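What follows is a single structure, written as structure tokens, with notes after it.
The values are calculated or read from the model by the stated rules, or taken from the named source; none is laboratory data. Since we're looking at a predicted model, the values are computed, not measured. All Cβ positions, even for glycine, are placed from backbone atoms using ideal geometry, and neighbour counts span all protein chains on display. Note: accessible area is taken over every heavy atom of the protein model, side chains too, but ligands, DNA and RNA are not part of it. Shrake-Rupley method; radii C 1.70, N 1.55, O 1.52, S 1.80 Å.
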Amino acid sequence: MRTTAPALAATALALAACGPPTEQGAEQDVAKDELRVCFAENDPPRSRRGGSGFDIDVARELAAQLDRRLVVVWIPEEEQTDIESTDADYMPLLTGQCHLQLSVPGAGAIERFRGWLVLSEPYYGAAFELIPADASFRFGEPYSETVAVRANTVAHVALDATGVSWSQQAAHEGILRAVADGTAAVGLVWGPQLALFDVERAADFEVPPVLRWNLHATLRRDNPLRADVDGILSSTPFRERVANLQARHGIPVRGPFPTVHTAALLQSL
């Protein structure tokens, strides 16, 4: 699925109104015409310093809707590729260097800062996806083959709890190799990471709630933009733009889920 030409044209007009993003790295007074957003320097496909990214494009859309100029605040950070990577650096947000951060996978990610940070309404969903495209695996049903999965992830724990034979891999590349060489019949890959690989997912895979998350922005509780951001992110037109951006970046298109992962769900397997 690719973004249609009309959608791209509308996006271009919105971005033109917003103006080009400005990069900043130090705390400064926040001008009222700016939307300052923190991004990890090396977190593809969401953000990468010197390039574009899904989160950066979402931030441009949000800034345009708020009629503010996007200012990018880079956070030095090693690449994070798992949903369990909840050790993002929120100090620039807490200290006022930026207004918000994006793609936060639920309340657990900001649990340490409860009382200071809050989540916006969800604006897209992400899940562990099944590869290859013609896979027959159904979560919770008997399966005689081996499933490749990255070690120490929720998908790994869930497979183990349901008695499925698994091939533990150190990286997503290992999952793809295991499927390609026949070590495993199928693999479970964190959906946004599929943007980095030339592989088709099983689009009809029914992802169980334990393997899916809603993604939010996070802001300081005292941020006066909270209500405006919530209104924009929860609107149907904005979510349609986000879906277009997911498709453009090669990320599986998932809207916010009605039910998502909880620790209780995982423990109940």
Expected output for segment 188-214 (first residue among the basic types (K, R), partner assigned to a helix (DSSP H, G or I), Cβ below 7 Å, 6+ apart or cross-chain) is R201/L194
Worksheet item: Scanning for something farther than 26 Å from V260 by Cβ, touching a helix residue (DSSP H, G or I) at 6+ places or on another chain (Cβ under 7 Å) and either free of Cβ contacts under 8 Å to residues at least 12 places away in the same chain or outside any loop (DSSP other than H, G, I, E, B) (or both), does segment 137-150 turn up at least one residue?
Response: no
Checked segment 84-117 for anything hydrophobic (A, V, I, L, M, F, W, C), open to solvent by less than 50 Å² (accessible area, probe 1.4 Å) and either in contact with a His (Cβ under 9 Å, 6 or more places away or on another chain) or outside any strand (DSSP E or B) (or both); matches are A88, L93, L94, C98, L102, V104, A109, I110, F113
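Would you check which residues across segment 151-165 are assigned to a loop (DSSP other than H, G, I, E, B) and either within 24 Å of P258 (Cα to Cα) or not polar (S, T, N, Q) (or both) and list them?
A151, T153, T162, G163, V164, listed by residue number.
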Exactly one of T218, T236 is open to solvent by 10 Å² or more (accessible area, probe 1.4 Å), at negative phi and β-branched (V, I, T), and that residue is T236
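Table: residues versus (1) out of contact with any helix residue (DSSP H, G or I) (no Cβ under 8 Å at 6 or more places or on another chain); (2) surrounded by fewer than 20 Cβ atoms within 10 Å (Cβ to Cβ).
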residue: G174; (1), (2): yes, yes
residue: A184; (1), (2): no, no
residue: F197; (1), (2): no, yes
residue: A203; (1), (2): yes, yes
(request) Restrict the check to segment 12-24 and report whether at least one residue is under 22 Å from the mean Cα position of the chain (by Cα), at pLDDT below 50, crowded, with 16+ Cβ neighbours inside 10 Å and assigned to a helix (DSSP H, G or I). (result) yes
If we keep only residues of segment 248-269 that are open to solvent by 40 Å² or more (accessible area, probe 1.4 Å) and small (G, A, S), then the residue nearest to G51 (Cα to Cα) is G255
(1) out of contact with any Pro (no Cβ under 7 Å at 6 or more places or on another chain); (2) at pLDDT 95 or above all hold for D198 apart from (2)
Over segment 203-224, the set of residues under 13 Å from the mean Cα position of the chain (by Cα) and of a type in the set (A, V, I, L, M) is L215, A217
Across (1) closer than 20 Å to R138 by Cα; (2) not in a strand (DSSP E or B), Q168 clears everything bar (2)
Only unsatisfied item for L245, checking (1) part of a loop (DSSP other than H, G, I, E, B); (2) open to solvent by less than 40 Å² (accessible area, probe 1.4 Å), is (1)
Of the candidates V154, V164, V147, the one satisfying the condition of being buried (at least 22 other Cβ atoms within 10 Å of the Cβ) and more than 30 Å from G51 (Cβ to Cβ) is V147
Checked pairs for segment 42-66, first part of a helix (DSSP H, G or I), second open to solvent by 30 Å² or more (accessible area, probe 1.4 Å), C-beta under 6 Å and 6 or more apart or across chains, list as F54/R46; F54/H249; D55/R46; R60/L15; E61/R241; A64/A17
Flagged pairs (Cβ under 9 angstrom, 6 or more apart or on separate chains; first in segment 106-130, within 23 Å of G191 (Cβ to Cβ) and β-branched (V, I, T); second open to solvent by less than 50 Å² (accessible area, probe 1.4 Å) and outside any strand (DSSP E or B)) are I110/A88; I110/Y90
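Give the number of residues within segment 209-242 that are assigned to a loop (DSSP other than H, G, I, E, B) and under 21 Å from A88 (Cβ atoms). Spell out the reasoning first.
Step one: list which residues in segment 209-242 are assigned to a loop (DSSP other than H, G, I, E, B), which gives 221-225, 234-235.
Now narrow it down to the ones that are under 21 Å from A88 (Cβ atoms): 221-223, 225.
Final tally of qualifying residues: 4.
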query: Is it the case that segment 121-129 has a residue that's at pLDDT 95 or above, buried (at least 18 other Cβ atoms within 10 Å of the Cβ) and in a loop (DSSP other than H, G, I, E, B)?
result: yes
